[in-house]
1. Any idea which residue in the range 108-125 is farthest from residue 162 (Cα to Cα), counting only those that are touching a residue at least 60 places away in the same chain (Cβ under 8 Å) and surrounded by fewer than 24 Cβ atoms within 10 Å (Cβ to Cβ)?
2. So is residue 138 closer than 20 Å to residue 48 by Cα, surrounded by 24 or more Cβ atoms within 10 Å (Cβ to Cβ) and touching a residue at least 40 places away in the same chain (Cβ under 8 Å) or not?
3. If I filter the range 24-34 for residues that are more than 30 Å from residue 144 (Cα to Cα) and at pLDDT below 80, do I get at least one hit?
């Protein structure tokens, strides 16, 4: 066993240091977020290489089409694009949010669902920040206009939405617990 034992400073062996240790939920959450960030960047790279030009749409049989869009604003276009100022301000905001949330993920007091939620939000923020750093805009490609959703989005956006949903579920779980009710006592 390669990782089964490690020497301690006193010469003794720490038996089964890695084998019997349960995985830390923060490490698992960070690994899932890293996988989501990788998937985000891979899909964006594929879109940039595969689509002929911005605005190109590949129609699919289901409710989602693929349309290459370079978004210079933020989610839903809420902030008007002011050129390079918008690019760098949104990049700084994305990076700051990611760093702050990742610190919470690493705290031992964070619940497992919250850790995953915060990690997914961080992955989404980092994915969009990387686009702004590299390209000056965020690459969007999932087009759900067949469903009446007018915005085009990406895996990073899905990651942020998934993270928010997990945090909401985590906040509601304590409320759904069974409450002990004693009858007959005044």
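1. 108
2. Spelling it out, residue 138 is indeed closer than 20 Å to residue 48 by Cα, surrounded by 24 or more Cβ atoms within 10 Å (Cβ to Cβ) and touching a residue at least 40 places away in the same chain (Cβ under 8 Å).
3. Taking every residue of the range 24-34 in turn, at least one turns out to be more than 30 Å from residue 144 (Cα to Cα) and at pLDDT below 80.
The values are calculated or read from the model by the stated rules, or taken from the named source; none is laboratory data. These numbers were taken from a predicted model, which means no experiment stands behind them. Reconstructed Cβ throughout: ideal geometry from the backbone, glycine too, with neighbour counts over all protein chains shown.
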